[in-house]
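The values are calculated or read from the model by the stated rules, or taken from the named source; none is laboratory data. None of these values were measured; they are calculated from a predicted model. Here the Cβ is made from the backbone with ideal geometry for all residues, glycine too, and neighbour counts use every protein chain on show. Protein only, heavy atoms only, side chains kept; ligands, DNA and RNA dropped before computing areas. Shrake-Rupley method; radii C 1.70, N 1.55, O 1.52, S 1.80 Å.
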Amino acid sequence: MSTYNFSAGPAVMPKPVIAQIQAELPSFQGSEMSIMEISHRSQLFDQVINEAEADLRDLMQIPDNYRVLFFQGGGTLQFTAAPLNLATKHHHIGLLDSGHWASRAAEEARRVNTQVDILGTAAPTHFTTLPRLNKPVDQTLDYVHITTNNTIEGTAYTALPETGQVPLVADMSSNFLGQVYNVNDFGMIFAGAQKNLGPAGLTIVIVRDDLIGHAKQLPSMLDYQLFADKRSMFNTPPVFAIYAAGLVLKWLKAQGGLNVIEQRNRVKANLLYDFLDQSTLFNCQVKPADRSLMNVPFVTGNPDLDAQVIAGATKHGLLNLKGHRLVGGMRASLYNAMPLAGVQALVDYLAAFEADHAKGEFENVSN
Ligand SMILES: *Cc1c(COP(=O)(O)O)cnc(C)c1O
């Protein structure tokens with residue numbers, strides 16, 4: 001039986017990448033040392049981090065006036081680092097309240113004395129839609145924060161909100177490299193690696209260079225300008241995570257790049273959404289135009305039945321389908337490394353479950 005991992009994060013990585021890590025673990029590039037044992041100041045690692053950056057620039061077509069930084073601390077640390085580095089003029093930002101991670105970002109920005117205006121909220125629809133701007137954006141804001149993909153709620157932006165001259169800062173943690181965005185549309189993009197890029201421990205920051213270097217007296221480990229000047233090696237970077245992410249980037253290039261990947265992700269997501277939309281048992285509550293390609297939440301409406309669905313799925317090798325504790329039900333995460341066969345196996349299982357359930361209902365009625 002094949003197994004498929006639908007976890008929201010840490011999440012599935014490409015099988016060929018795992019095989020390559022295994023094969024070269026004992027001796028990286030003939031060094032007789034593993035990647036975990038070599039100096040971050042060595043030529044070997046220099047090549048690893050330089051290639052990772054070059055491949056990322058190539059895949060996302062990152063313009064030269066953007067810096068690529070390798071951080072630790074997860075997406076969460078960037079909720080603090082972004083306001084400290086970028087909200088330096090007025091200490092005042094706007095934010096679209098699209099769900100859990102957006103609220104976490106607002107909370108952390110306020111903790112560092114940044115005023116946060118909520119420019120729109122999806123609370124009235126219980127976050128089954130994306131929030132829209134409720135008025136034109138105040139042009140004195142330092143930036144506007146959006147979450148391009150809402151991992152828990154299952155919504156994602158394709159068209160971006162119109163913010164005029166105010167830079168957009170995007171938490172792209174859960175759809176980084178999963179669909180094509182134009183880097184020029186953002187002042188900054190950040191993403192924790194463990195959703196769609198590689199192992200936990202690495203966070204990518206892509207930031208326009210005119211936006212950094214304006215903060216005074218930041219802790220060194222939060223200072224984008226310092227990280228840019230030191231090429232992300234102010235201190236020891238997460239060597240293994242950068243190496244593994246670098247292999248994933250090479251894998252993405254070998255697949256044909258992000259246009260190909262996005263197309264594949266659309267086919268995968270549509271397979272599941274089409275099933276859910278015709279099902280009389282399962283239901284995805286997210287408005288079709290706002291649906292994520294990466295995270296698909298769905299329910300039966302009956303928590304006991306949901307638990308049976310999840311337990312049965314696990315027996316069939318369909319792992320980690322339990323929904324986030326905030327929303328319950330099921331969630332299938334269909335990141336880049338999830339093959340179409342995995343989504344097909346999930347749909348086949350759900351269809352069989354539904355048929356069995358309908359038979360049971362029929363028997364209950366006729367008894
Ligand atoms: C997972 C996630 C985070 C938090 O990431 P950590 O790396 O655990 O700090 C932030 N934003 C989004 C959209 C996420 O999916």
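All conditions in (1) over 27 Å from VAL17 (Cα atoms); (2) assigned to a helix (DSSP H, G or I) hold for PHE234, with the sole exception of (2).
Residues in the stretch 324-355 that are modelled with pLDDT of 95 or more and either of a type in the set (Gly, Ala, Ser) or over 31 Å from the mean Cα position of the chain (by Cα) (or both): GLY329, ALA332, SER333, ALA337, ALA341, GLY342, ALA345, ALA351, ALA352, ALA355.
Assuming GLN217 fulfils every condition listed in (1) within 24 Å of THR125 (Cβ to Cβ); (2) outside any strand (DSSP E or B); (3) not aliphatic (A, V, I, L, M) apart from one, which condition is it? All conditions are met except number (1). Within the stretch 167-185, the only residue that satisfies the criterion of being within 9 Å of the ligand (Cβ to nearest atom) and open to solvent by 10 Å² or more (accessible area, probe 1.4 Å) is SER173.
Hey, any hits in the stretch 346-360 for a residue that's within 23 Å of GLN255 (Cβ to Cβ) and either of a type in the set (A, V, I, L, M) or in contact (Cβ under 8 Å) with a residue 40 or more places away in the chain (or both)? The answer is yes; a qualifying residue exists. Listed by position, the helices (runs of 4 or more DSSP H) contained in the stretch 1-101 that have at least 1 residues being surrounded by fewer than 14 Cβ atoms within 10 Å (Cβ to Cβ) and of a type in the set (S, T, N, Q) are 15-24, 43-60.
The set of residues in the stretch 192-231 that are surrounded by 24 or more Cβ atoms within 10 Å (Cβ to Cβ), closer than 17 Å to ALA54 by Cβ and not hydrophobic (A, V, I, L, M, F, W, C) contains only GLY198.
Only one residue in PRO136, PRO131 is more than 11 Å from the ligand (Cβ to nearest atom) and either under 14 Å from LEU168 (Cβ atoms) or buried (at least 24 other Cβ atoms within 10 Å of the Cβ) (or both). Which one?
Numbers: PRO136 fails: either under 14 Å from LEU168 (Cβ atoms) or buried (at least 24 other Cβ atoms within 10 Å of the Cβ) (or both).
Only one candidate passes the filter, namely PRO131.
Sort out which residues of the stretch 294-315 are in a loop (DSSP other than H, G, I, E, B) and touching a Leu at 6+ places or on another chain (Cβ under 7 Å), and write them in order of number. Residues satisfying the conditions are MET294, THR300.
Every condition in (1) in contact with a strand residue (DSSP E or B) (Cβ under 8 Å, 6 or more places away or on another chain); (2) within 16 Å of the ligand (Cβ to nearest atom) is met by ASP117 except one, and the failing one is (2).
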